[in-house]
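To keep things clear, I will list the structure first and then write my remarks on it.
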Amino acid sequence: MKYIVAIFFCFSAYSQAQNNYEISGVVTSEGLPLPFANVYLEGTKKGTTTTDNGYFNIQNIKEGQYTLIASFTGFNTIRKRIDVKNNLKINFDLIQNQSLDEVVVTGTLKAVNRLESPVPVEVYTSAFLKKNPTPNIFEALQNVNGVRPQLNCNVCNTGDIHINGLEGPYTLVLIDGMPIVSGLSTVYGLSGIPNSLIDQIEIVKGPASSLYGSEAVGGLINVITKHPDNAPIFFADSNISGWGEINTDIGFKTNVGEKASVLVGANYFNYSNPIDNNNDNFTDLTLQDRISVFQKWNFKRKNNKKLSVAGRFFYEDRWGGELQWNKSYRGGNKVYGESIYTTRYELLGEYQLPVKENMNFQFSYSDHDQNSVYGDTPYLAQQRIAFGQLTWDKPTKNNDLLFGITGRYNYYNDNTTATIEADKIFIPSVFVQDEITLTEKQKLLLGLRYDYDKRHGSIITPRLAYRYKPTDNDIFRVNAGTGFRVVNLFTEEHAALTGSRDVVIEETLNPEQSYNINLNYLKKIYTTKGMIFTVDAYLWYTHFTNAIIPDYDTNPNQIIYDNLDGYSTSKGASLNVDAIFGSGIKGSLGITFQDVNQTENDVTTRQILTEKFTGTWSFSYKNYATNLTFDYTGNIYGPMRLPLLSNLDPRQEYSPTWSIQNIQATYDGLENFEIYGGVKNLLNWTPNNGNPFIIARADDPFDDNVQFDAQGNAQATPDNPYGLTFDPSYVYGPNQGRRVFLGIRYTLN
């Protein structure tokens, strides 16, 4: 019997060996071996990576039909259908996906190759947003080098975007090229745009006022939504965090008749779980209930002329404050809370005129209503902005001319004493831009804009950009120009409304004006091992002849606003390195050093809430055999000068160096589905580390027990040993600690 069993096993092993085969071959790119490329059989765990010579070998494959895939980060993936009946030799030649050659429009108002643009434009695709899923774009930008989302209030958690150390009002935010996120919506406009609808985000650092007018002083962010033809048929993305945050994106596209297509998306975010980990009886994270609905139509016309119309509705109910607060206390002085109801409508579109010349008319309209209370201080405001722009693109042999005429109508009204009657202003503008091809390697861009504001008269904004491309892998750029901004104080300075400080406007606030120069060098490096490196370096200098900077130092009970009797500067350097290592590994690293200060009456002080250095990083690893992707993202911020209330204030004058780090794993082995999860804020860092408290006088938010002298200064008493008043403006980072998150995506193409 034992001989029969032995013969049976030998026969089985022989049969199995006869039915197992191997696949081998070479992966190349442009004729050169590509090491560390991934080669695997789809739907199985059979796979390998290529050797230094680009060779691969996969063994023990059963007879059958398979899809063999060769992939390498930064190259287009190739799939081959194979029928395994014997040993096979299969070769692949991968082509670079030209990930740096995206088409951008933000720098010059024209669709151009990113590498050809005289103005440096940074591009972040939807893949960037997936590395660290967030409920809004505001938080997503925390991993962009030189860009920092800044929280401005510990209670309601509103914030803005800093670029190269400049305050949020100097950053212009566009949606599909239209400047509809400004004024009141500067604080809230980056919430509620469904991330699943975003095609890419383009960022320009440095002034762009010659094309975009006021507010584009420090830089601009253009959020470009998907074209309906390129969007998935249906998509859904939902995630939940350990704190109880729920975020859901859902949408679809469809054709309407033969000449129209529509893309519909909605975002819903809810957080209704009060948490107070720092034990000050105030919510660490503002409670929010938000819904946003977006719709974009595209129409087919003769000669492929453009016609698109998009609209968005946004509603949010948010509050933060003492834990026992509810809506019955809204606007009263018994329990402190900051409650904000926001209703917003947006409409934007583009129409290419039916003429031989390339002429486009773009338009937008926004209606923003804010009903809010900060303790017992009501702030009721309405803002309506209408914008229209006609451009004529006229290329010649060596010149690419762009002419534009613009009109902007702004209506603003609120219940503050600063607005006696509604502010209504129409600002007409004209601009011209010429992109001159000097040689095959050199381009020069000249631009000039004229705005007329009846409050301030004529404003002229010039611009110059130069690009030199000595090789296909090296680019030098120089950008210089001026910027201006008309200040609308209460719509932009949230600190002017919260807390107990009095707002003092000492004089009529003139427009802010600046001069800027920006140097940029970009280099692509390709190694013999198939690795790709991109080095992007900046030097910049911005000089303000007038800047409206809130003064927290002169009087601890006041925020003083006046024109700058002197000057303010922002200067620094930054470096970005993107790397594709192969074997499914890629990463990026960025660091920025900056010095932002103001000089008034020959005294130079460092700007408040501005870090000396920042760093960002992200690393991704894709294991193709297991369909798992791992992402590690993070940032680090240097010390910032913080707004103290008095010499007795025990809180730190400078923040420590701090870091937010996140990890995530994504599984995409199911058809049309992705499952992802991870941990945010791995280090569990919060601003209260090392501070006795964050919110001053959190136990007395209406200053009922504060004693003042004849000049209105808070006095030190046994109940108030530091002589402080209630103040939540001491904030430089999120109060939200470590938390896990889990989500699922469904995409039907």
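The values are calculated or read from the model by the stated rules, or taken from the named source; none is laboratory data. Note that the structure is predicted; figures quoted are calculated from it, not measured. No Cβ is skipped: glycine too gets one built from the backbone with ideal geometry, and neighbour counts run over all protein chains shown.
Annotation note: of Thr633, Thr666, Thr725, the sole residue that is at pLDDT 90 or above and part of a loop (DSSP other than H, G, I, E, B) is Thr725.
Where strands (runs of 3 or more DSSP E) fall entirely within region 1-111, those with at least 1 residues that are at pLDDT below 85 and of a type in the set (Val, Ile, Thr) are at 47-49. Say whether the condition of being at pLDDT 90 or above, among the charged types (D, E, K, R) and assigned to a strand (DSSP E or B) is met by at least one residue in region 679-686. Yes - at least one qualifying residue is present in region 679-686.
Selection over region 625-655 of residues that are more than 26 Å from Ala696 (Cβ to Cβ) and surrounded by fewer than 19 Cβ atoms within 10 Å (Cβ to Cβ) gives a count of 7. Run Thr406 past the list (1) β-branched (Val, Ile, Thr); (2) under 30 Å from Ile505 (Cα atoms); (3) surrounded by 15 or more Cβ atoms within 10 Å (Cβ to Cβ) and report the number of the one that doesn't hold. So Thr406 meets the others, but not (2). Condition test on Thr461, is it farther than 25 Å from Leu522 by Cα, within 28 Å of the chain's Cα centre (by Cα), hydroxyl-bearing (Ser, Thr, Tyr) and part of a strand (DSSP E or B)? Against the criterion (farther than 25 Å from Leu522 by Cα, within 28 Å of the chain's Cα centre (by Cα), hydroxyl-bearing (Ser, Thr, Tyr) and part of a strand (DSSP E or B)), Thr461 qualifies.
Taking the stated definitions as given, is Gly677 under 30 Å from Lys46 (Cβ atoms) and surrounded by 16 or more Cβ atoms within 10 Å (Cβ to Cβ)? Criteria met by Gly677. Glu338 fulfils the conditions (1) free of Cβ contacts under 8 Å to residues at least 12 places away in the same chain; (2) under 20 Å from Cys153 (Cβ atoms) except for a single criterion, (1). When residues in region 311-328 are screened for being surrounded by 19 or more Cβ atoms within 10 Å (Cβ to Cβ) and not in a strand (DSSP E or B), 1 of them pass.
Residue count for region 695-739 under the criterion of being under 30 Å from Leu682 (Cβ atoms), touching a Leu at 6+ places or on another chain (Cβ under 6 Å) and among the hydrophobic types (A, V, I, L, M, F, W, C): the result is 2. Candidates are the residues of region 267-282 that are surrounded by fewer than 19 Cβ atoms within 10 Å (Cβ to Cβ) and in contact with a strand residue (DSSP E or B) (Cβ under 6 Å, 6 or more places away or on another chain); the one that is farthest from Tyr336 (Cα to Cα) is Tyr268.
Residues being assigned to a loop (DSSP other than H, G, I, E, B) and surrounded by fewer than 19 Cβ atoms within 10 Å (Cβ to Cβ) are represented in region 346-353 by at least one member. Inspect region 549-567 for any residue being outside any loop (DSSP other than H, G, I, E, B), touching a Ser or Thr at 6+ places or on another chain (Cβ under 8 Å), of a type outside the set (Phe, Trp, Tyr) and modelled with pLDDT of 85 or more and give the result as yes or no. Within region 549-567, none of the residues are outside any loop (DSSP other than H, G, I, E, B), touching a Ser or Thr at 6+ places or on another chain (Cβ under 8 Å), of a type outside the set (Phe, Trp, Tyr) and modelled with pLDDT of 85 or more. When the residues of region 32-75 are filtered to those that are among the aliphatic types (A, V, I, L, M) and crowded, with 22+ Cβ neighbours inside 10 Å, the one that is nearest to Gly587 (Cα to Cα) is Ala37. Candidates are the residues of region 576-594 that are under 17 Å from Leu519 (Cα atoms) and more than 18 Å from the chain's Cα centre (by Cα); the one that is surrounded by the fewest Cβ atoms within 10 Å (Cβ to Cβ) is Phe593. Filtering region 365-380 for residues that are within 27 Å of the chain's Cα centre (by Cα), under 29 Å from Lys443 (Cβ atoms), in contact (Cβ under 8 Å) with a residue 12 or more places away in the chain and surrounded by 15 or more Cβ atoms within 10 Å (Cβ to Cβ) leaves an empty set. Counting only strands (runs of 3 or more DSSP E) that sit wholly inside region 214-299, those with at least 3 residues that are modelled with pLDDT under 90 are 219-225.
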